[in-house]
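Colleague: For reference, the structure I am asking about is given below.
The values are calculated or read from the model by the stated rules, or taken from the named source; none is laboratory data. Quick caveat: nothing in here was measured; it's all calculated off a predicted structure. Here the Cβ positions follow ideal geometry from the backbone for every residue, glycine too, while neighbour counts run over all protein chains shown.
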Amino acid sequence: MPQLTHIDPVGHASMVDVSSKPAVRREAVAVGRIVMQADTMRLIRQNGLKKGDVLCVARIAGIQAAKLTQTLIPLCHQIPLAKVQVDFELLPRAVAVTATVITTAPTGVEMEALTAVSVAALTIYDMCKAVDKKMRVEGVRVLRKTKAAA
């Protein structure tokens, strides 16, 4: 059975030592969605919410969240992000969120991609909660992660 990488030999939480790993290009794509009432989706499409442009604010929040992942998740490494892209697909009763994060580093960026998706969806929730009490965030997961050969 695989061992947890963030646990030291005596069972304490530990940050993984990646100092011997080469810096290579890494990319992670995460997805999720926020489900809502059709009327809420109509307001998003029409930019009719009092708080402003929901998707613009959610995109910026997702990008900012990816950049701050190491401050939110205690054992994540501080890594340089080369690109963070947050995209939305408007469905009849949901907004699908996709985040793509790229770095050149000795460790991956899936946590940054997951954080971007989560915070973008939560921002949509926050901006729409006055008109829709039944929204839910679901399906947040890593869709793909890749790394170049060392």
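Colleague: State whether the residues of the stretch 133-149 include one that is surrounded by 22 or more Cβ atoms within 10 Å (Cβ to Cβ) and under 12 Å from the mean Cα position of the chain (by Cα).
Modeller: no
Colleague: Go through the residues of the stretch 116-126 one by one and say whether even a single one is buried (at least 23 other Cβ atoms within 10 Å of the Cβ), touching a residue at least 40 places away in the same chain (Cβ under 8 Å) and touching a Ser or Thr at 6+ places or on another chain (Cβ under 8 Å).
Modeller: yes
Colleague: A further question on this structure: Kindly provide the set of residues from the stretch 69-110 that are assigned to a helix (DSSP H, G or I) and farther than 17 Å from G139 by Cβ, ordered by number.
Modeller: Hits for the stretch 69-110 are T69, Q70, T71, L72.
Colleague: Same structure, new question: For the stretch 77-94, state whether one or more residues are touching a Leu at 6+ places or on another chain (Cβ under 8 Å) and either surrounded by 15 or more Cβ atoms within 10 Å (Cβ to Cβ) or hydroxyl-bearing (S, T, Y) (or both).
Modeller: Yes: one or more hits.
Colleague: Would you point out the residue of the stretch 1-38, among those that are at pLDDT 95 or above and of a type in the set (G, A, S), that is surrounded by the most Cβ atoms within 10 Å (Cβ to Cβ)?
Modeller: A30
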